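The structure is given below, and queries will be raised subsequently.
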Amino acid sequence: MMSYPSDQTQRRITFMPVKARRRVDPDLIGQWRLPGQPQIYEITGDGAYHISEPAAQLRFEDGGAGLVWQDHRYFRMSGRGETPVGAWREVTSRDVWIFDADGTYTVKSACVEGWRTFSGIWGLAEGNQQMWVREMRAFVKSDQDAGALTMLTVHGHRLHYGYHKSQDGWSLRDVSNGRTLTRFRNARSSQMDPMATAAQ
């Protein structure tokens, strides 16, 4: 069974200002999957948009000085022992991952503009042999009558789409020509869903 942070912890990482939290079509609220992809895409009641990665094997090296996870190698910058809690640097990208004991994490990733920061929650599974993460990506606002959806990303970018609902999910569309960009399908019945496992 996976450990899962409390609702109070999740509220602390909803870092966008209150005025950025928009109304969202209730039919878009839930957990979704794209065909052929293991990730879970989730829209919560406040309009927050998250992406969850499935649990991946976790292995420590040199008594906790090193970490191998998601086929990437990390070396410890702070903290100690065979636990993810602490700060880590990914060897190839040089990204810095900070896992806190309250189940939240922050990633500082290098980009052209300097550094970008991403935040989310993390948990362990399979007897602490695996770790999963759920990352905050954007806030969503929708206009049901117009079939319009706007995403305000955590870095301030505003993205505009059309959307169309169906019996088993919904599709995201290009606003310029109505072309379907991707289709989301309900993921609640999936055995790969980390949130469903955590709730057991």
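Please pick out the residue among Ala87, Ala55, Ala65 that is without any contact (Cβ under 8 Å) to a residue 60 or more places away in the chain, small (Gly, Ala, Ser), surrounded by 15 or more Cβ atoms within 10 Å (Cβ to Cβ) and on the phi < 0 side of the Ramachandran plot. Give the steps one after another, and end with the answer.
Values: Ala55 fails: without any contact (Cβ under 8 Å) to a residue 60 or more places away in the chain; Ala65 fails: surrounded by 15 or more Cβ atoms within 10 Å (Cβ to Cβ).
So the residue among Ala87, Ala55, Ala65 that is without any contact (Cβ under 8 Å) to a residue 60 or more places away in the chain, small (Gly, Ala, Ser), surrounded by 15 or more Cβ atoms within 10 Å (Cβ to Cβ) and on the phi < 0 side of the Ramachandran plot is Ala87.
How many residues, within segment 38-84, are within 14 Å of the chain's Cα centre (by Cα) and not in a strand (DSSP E or B)?
4
If Phe139 satisfies all but one of (1) modelled with pLDDT under 95; (2) outside any loop (DSSP other than H, G, I, E, B), what's the number of the condition it fails?
With respect to (1) modelled with pLDDT under 95; (2) outside any loop (DSSP other than H, G, I, E, B), Phe139 is out only on (1).
A follow-up question, please. Among the residues of segment 178-188, is there at least one that is touching a helix residue (DSSP H, G or I) at 6+ places or on another chain (Cβ under 9 Å), surrounded by fewer than 16 Cβ atoms within 10 Å (Cβ to Cβ) and at pLDDT below 90?
yes
Consider Met195 carefully, then state whether it is under 15 Å from His50 (Cα atoms), aliphatic (A, V, I, L, M), modelled with pLDDT of 95 or more and open to solvent by less than 70 Å² (accessible area, probe 1.4 Å).
No: the conditions fail for Met195.
Among the numbered conditions (1) at pLDDT below 50; (2) open to solvent by 70 Å² or more (accessible area, probe 1.4 Å); (3) part of a loop (DSSP other than H, G, I, E, B), tell me where Arg22 comes up short.
(1)
The values are calculated or read from the model by the stated rules, or taken from the named source; none is laboratory data. Since this is a predicted model, take the numbers as computed values, not measurements. Cβ sites come from the backbone with ideal geometry, for glycine too, and all protein chains shown count toward neighbours. Quick note on the areas: whole protein, heavy atoms, side chains included, nothing else; ligands and nucleic acids left out. Shrake-Rupley method; radii C 1.70, N 1.55, O 1.52, S 1.80 Å.
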